[in-house]
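> Encoded as structure tokens, here's the structure I'll be asking about.
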Amino acid sequence: MRHLDSLTYYAATKKYDLSFPRLTEDLEADVVIIGGGFTGVNTALELAEKGITNTVLLEGRYLGYGGTGRNGGQIMAGLGHDLDTVKKHVGKEGLEELFKIGNLGAGIIKERVEKYNIDADFRHGYAYLGSNSRMEKTLREWEKEFKSVSPDEDIQLLTGSDVKQVVGSDAYTCALKHMGAGHVHSLNLLLGEAKAVTELYGVKIFENSMAIDVEYGSTITVRTPTGSVKAKKLLWACNGFLEGMEPNLHTKTINTYAFQLATEPLSDELIEQISPIRGAYSDIRPVIDYYRVTNENRLLFGAATRALEYIPSDLKAWNREQMLKIFPYLDKVKIDLAWGGPLCCSANLFPQMEQSKVTTTCFMFRATLALALHQVILFVRYLQRV
Ligand SMILES: Cc1cc2nc3c(=O)[nH]c(=O)nc-3n(C[C@H](O)[C@H](O)[C@H](O)COP(=O)(O)OP(=O)(O)OC[C@H]3O[C@@H](n4cnc5c(N)ncnc54)[C@H](O)[C@@H]3O)c2cc1C
């Protein structure tokens, strides 16, 4: 994927030296998963915790090659939608239920990090940012919903000069602080989970094992160039990297692209100015800027383009320009790394999970945002019912 594949902050600061063999045999399993990102690995882990351990996961390149090893590490809560619009479709109770689900992510990640002792720089602290009165109104609605589902959390709407209590930028007129959400080193989280699922539960993971053919039937056979897996159930978990492999999956989604940069490590004073809460941030426009500070005092700044297929040719320069609109005082700061990648998006921007029409034992999952984790938990619950 050309320059989008350049070194990421995550690969450069990876703490787990973990690799898995290529599939070179014919195996039988209860479940076969295609794709080694958060969706695939967390489904395997969640299944294993529920006693289903005869799972084989096939990753075409290496774990974290996809969005999971490229993202902003932002653990957002909530829905990221206009609540009145959502309410029209699901009603008041449905909206409350969705908020409860949308709030699970940070808790699940924290639990996993503690349970499996994963070294992934997990940290609480988040703020949603707005720059006009319409966005302030939206944030007020979010504040109400967030508080109703987590009354003990530090959640507070700030306006005017108080916004600087959470973020050091003049670009915003309002901010909703949410200390229940936060950020994480996504690749270390993924690799820590992969270590747990293979070492503690005996799940088999294969890298460099691209699924090239799938035969559907009462059992499903997935073939790679050098082996095969016959299983009762299949999960497609390839997100924006499916590349036409399963045409049925492409009908309801499109790929959009997001980009990231990592600055050089900054002084404590500068970090305190940018982010008094050492947190993660996103504005609430349809195409967002999102950023966070890391343990090494870097700013990871991310943005997307409005044009679906537009990939800037100079990622460092393009990302830097976006960053300077928000933090002009960082104009002397060096940009160490820049990268990007696709993520698949549904028309309504909600995560999609679906049972194949071809066979009732094939499942498809298309995560959108929210680190895919809490969506996976729901997926596994769904999987258990069918
Ligand atoms: C630049 C960027 C920034 C983002 N920032 C955030 C953020 O801050 N917060 C957030 O919540 N989300 C963010 N996202 C989205 C988030 O990263 C994704 O939603 C999530 O990681 C998707 O996980 P996944 O497991 O579904 O797919 P992926 O992580 O994309 O994994 C799919 C895997 O499938 C493999 N694969 C594809 N085809 C085959 C095949 N035929 N056989 C075997 N393997 C195959 C690929 O190699 C890949 O490893 C961002 C995404 C990008 C690109």
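The values are calculated or read from the model by the stated rules, or taken from the named source; none is laboratory data. This structure is a prediction, so every number in the text was calculated from the model and none was measured. Ideal geometry is used to build each Cβ from the backbone, glycine not excepted, and the neighbour counts take in all protein chains shown.
> So residue 40 ticks every box in (1) of a type in the set (Gly, Ala, Ser); (2) near the ligand (Cβ under 7 Å from one of its atoms); (3) in a loop (DSSP other than H, G, I, E, B); (4) in contact with a Leu (Cβ under 9 Å, 6 or more places away or on another chain) but one. Which box is left unticked?
(3)
> Tally time: how many residues in segment 44-77 are assigned to a strand (DSSP E or B) and over 20 Å from residue 27 (Cβ atoms)?
The total comes to 2.
One line per residue, one yes/no per condition, for (1) under 19 Å from residue 144 (Cβ atoms); (2) out of contact with any Ser or Thr (no Cβ under 7 Å at 6 or more places or on another chain); (3) assigned by the TED database to the domain that holds residue 200; (4) exposed (fewer than 15 other Cβ atoms within 10 Å of the Cβ):
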position: 78; (1), (2), (3), (4): yes, yes, no, no
position: 95; (1), (2), (3), (4): yes, yes, no, no
position: 102; (1), (2), (3), (4): yes, yes, no, no
position: 106; (1), (2), (3), (4): no, yes, no, no
position: 114; (1), (2), (3), (4): no, yes, no, yes
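> Of the residues 212, 254, 205, which is at pLDDT below 85 and not acidic (Asp, Glu)?
That would be 254, the only listed residue that is at pLDDT below 85 and not acidic (Asp, Glu).
> Next up: Inside segment 219-240, can you point out the residues that are modelled with pLDDT of 85 or more and farther than 14 Å from residue 32 by Cα?
225, 226
Residue-by-condition table, conditions (1) part of a strand (DSSP E or B); (2) touching a strand residue (DSSP E or B) at 6+ places or on another chain (Cβ under 7 Å); (3) hydrophobic (A, V, I, L, M, F, W, C):
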position: 95; (1), (2), (3): no, no, yes
position: 105; (1), (2), (3): no, yes, no
position: 118; (1), (2), (3): no, no, yes
position: 127; (1), (2), (3): yes, yes, yes
position: 141; (1), (2), (3): no, no, no
position: 152; (1), (2), (3): no, no, no
position: 164; (1), (2), (3): no, no, no
position: 170; (1), (2), (3): no, no, no
position: 175; (1), (2), (3): yes, yes, yes
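> Follow-up question, since we're still on this one. List pairs: first in segment 90-106 and more than 11 Å from residue 79 (Cβ to Cβ), second within 16 Å of the ligand (Cβ to nearest atom) and modelled with pLDDT of 80 or more, Cβ under 6 Å, 6+ apart or cross-chain?
What qualifies is 105/75; 106/75; 106/180; 106/181; 106/182.
> Name the residues in segment 49-97 that are farther than 27 Å from residue 301 by Cα, within 16 Å of the ligand (Cβ to nearest atom) and either of a type in the set (A, V, I, L, M) or modelled with pLDDT under 95 (or both), would you?
56, 57, 58
> Which one of these is within 8 Å of the ligand (Cβ to nearest atom), without any contact (Cβ under 8 Å) to a residue 12 or more places away in the chain and out of contact with any His (no Cβ under 6 Å at 6 or more places or on another chain): 243, 215, 199?
Only one candidate passes the filter, namely 243.
> So, in segment 166-209, exactly how many residues are within 17 Å of residue 60 (Cβ to Cβ) and surrounded by fewer than 19 Cβ atoms within 10 Å (Cβ to Cβ)?
1
> Yes or no: segment 248-265 includes at least one residue that is within 16 Å of the ligand (Cβ to nearest atom), in contact (Cβ under 8 Å) with a residue 12 or more places away in the chain, buried (at least 19 other Cβ atoms within 10 Å of the Cβ) and part of a helix (DSSP H, G or I).
yes
> Confirm whether residue 232 is farther than 25 Å from residue 86 by Cα and within 16 Å of the ligand (Cβ to nearest atom).
No.
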